[in-house]
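Step one of this worksheet: look at the structure below.
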Amino acid sequence: WTTATATTVYHTVTGNRHQSVFCVALHFLQIDQLMNMADLFDLSGKKALVTGGSMGLGRGFALALAQAGADVAIIARNETAGNSVVEEIKALGRESMFAKCDVADKAQVQAMIQQVVGKFGRLDIGVNNAGIAILGADEEIDKQSWDEVIAVNLTGTFLCAQAEAQQMIKQSPPGGKIINVASMSASIANCNASYDASKAGVVHMTKTLAAEWGQYNINVNSISPSYVLTPLHASTPVEVRKRIRELTPLGHVQRVEDLYGPIIFLASEASNYMTGHDLMVDGGHTLNAWLTPLGRSVPPRVSPEEETVQLKRDLDTLKVEYDAHGINPNVHPEIANAFKSAFGIKD
């Protein structure tokens, strides 16, 4: 239904009936326009890959893309966990596959792209999410640890983006969406120099690649989450989560599902005229420059109990026990200790 059709209906109806029929015509026009808006976010028929897709944020990104209609390849080093996500995607009625890959190894990355294209026929969306952090005081961290973080987070992201772009350039029609997962740590100091530097590098590298590859209709953007409640952070104690809420203007700890909308936006036609942008999705955390607790006039959209709903489901899937707050102090306790140290929380 188009504006021309609605106008034709209007002009061909006479008498007292014309106003009501014209209103019906406009009603259908509005419905059609709304459907067209929804189509902007529809990923049906798109072929995607997600690195680090076997757990946490990567798993969430993969499931979000699949729910929006895309077929999704899971790229990770953990084959068992990766194949589990593949089955979740297939249960949604989408095609999926697993490819084992160390993103810091160029030969493995090139082979992985060939596997994905061999299965799907093309590549429309690349989500470069694989990343690591090695915790410790920066005056004590060794060069090997520094090199490992840079190799995975920065070099690995570049190698994947490069291989994805090579495929997107030569396919017909050319083009696609490359989404590099950065972090709010690219913008603020989080007392982990190797991680912070690697993510800052991802943000600026994204801008450079966007400027170079726009000529091929390739959009390159990054997305910067904050502290996200994934199973990796299951050990973070109540005091740390409370502190994060106090420092975040929107008043709750970030959940994986808070990133579903942003990742679909970046992967879809809705973002076709945006490139080289870092999409900060942090609840306003980086706006609080003084790191002082913020007051609230109304309750946040998500309560402390609601924050942990998906986390508990994920821990159930992993068969990990937890308390009423979704906490297991034995899951990566070094992460909890790093948070407590950063926020000055004593045991």
Inset, instruction - Scan the stretch 278-289 and give yes if some residue there is touching a helix residue (DSSP H, G or I) at 6+ places or on another chain (Cβ under 6 Å), farther than 28 Å from residue 179 by Cβ and assigned by TED's automatic domain parsing to the domain that holds residue 61, otherwise no. - result: no
Inset, instruction - Mind listing whichever residues of the stretch 210-230 are part of a helix (DSSP H, G or I) and surrounded by fewer than 22 Cβ atoms within 10 Å (Cβ to Cβ)? - result: 210, 211, 212, 214, 215, 216
Legend entry - Some residue of the stretch 300-314 being surrounded by 17 or more Cβ atoms within 10 Å (Cβ to Cβ), of a type in the set (Gly, Ala, Ser) and either more than 30 Å from residue 217 (Cβ to Cβ) or free of Cβ contacts under 8 Å to residues at least 24 places away in the same chain (or both): no
Legend entry - Every residue from the stretch 251-297 that is among the hydrophobic types (A, V, I, L, M, F, W, C), at negative phi and assigned to a loop (DSSP other than H, G, I, E, B): 253, 274, 289, 290, 294
Legend entry - Residue ID - farthest from residue 70 (Cα to Cα), chosen from residues in the stretch 256-274 that are in contact with a Gly (Cβ under 9 Å, 6 or more places away or on another chain) and surrounded by fewer than 20 Cβ atoms within 10 Å (Cβ to Cβ): 257
Inset, instruction - Go through the stretch 135-189 and give me each residue that's among the aliphatic types (A, V, I, L, M) and farther than 17 Å from residue 202 by Cα. - result: 135, 137, 141, 168, 169
Inset, instruction - Within the stretch 298-323, work out how many residues are in a loop (DSSP other than H, G, I, E, B) and either assigned by TED's automatic domain parsing to the domain that holds residue 191 or in contact with a Ser or Thr (Cβ under 9 Å, 6 or more places away or on another chain) (or both). - result: 2
Legend entry - Count - residues of the stretch 106-134 that are within 23 Å of the chain's Cα centre (by Cα) and assigned to a loop (DSSP other than H, G, I, E, B): 9
Legend entry - Total residues in the stretch 206-236, condition in contact with a Leu (Cβ under 7 Å, 6 or more places away or on another chain) and of a type in the set (A, V, I, L, M, F, W, C): 5
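The values are calculated or read from the model by the stated rules, or taken from the named source; none is laboratory data. Keep in mind that what you see is a predicted model, and the values were worked out from it rather than measured. Virtual Cβ from ideal backbone geometry, glycine too; neighbours counted across all protein chains shown.
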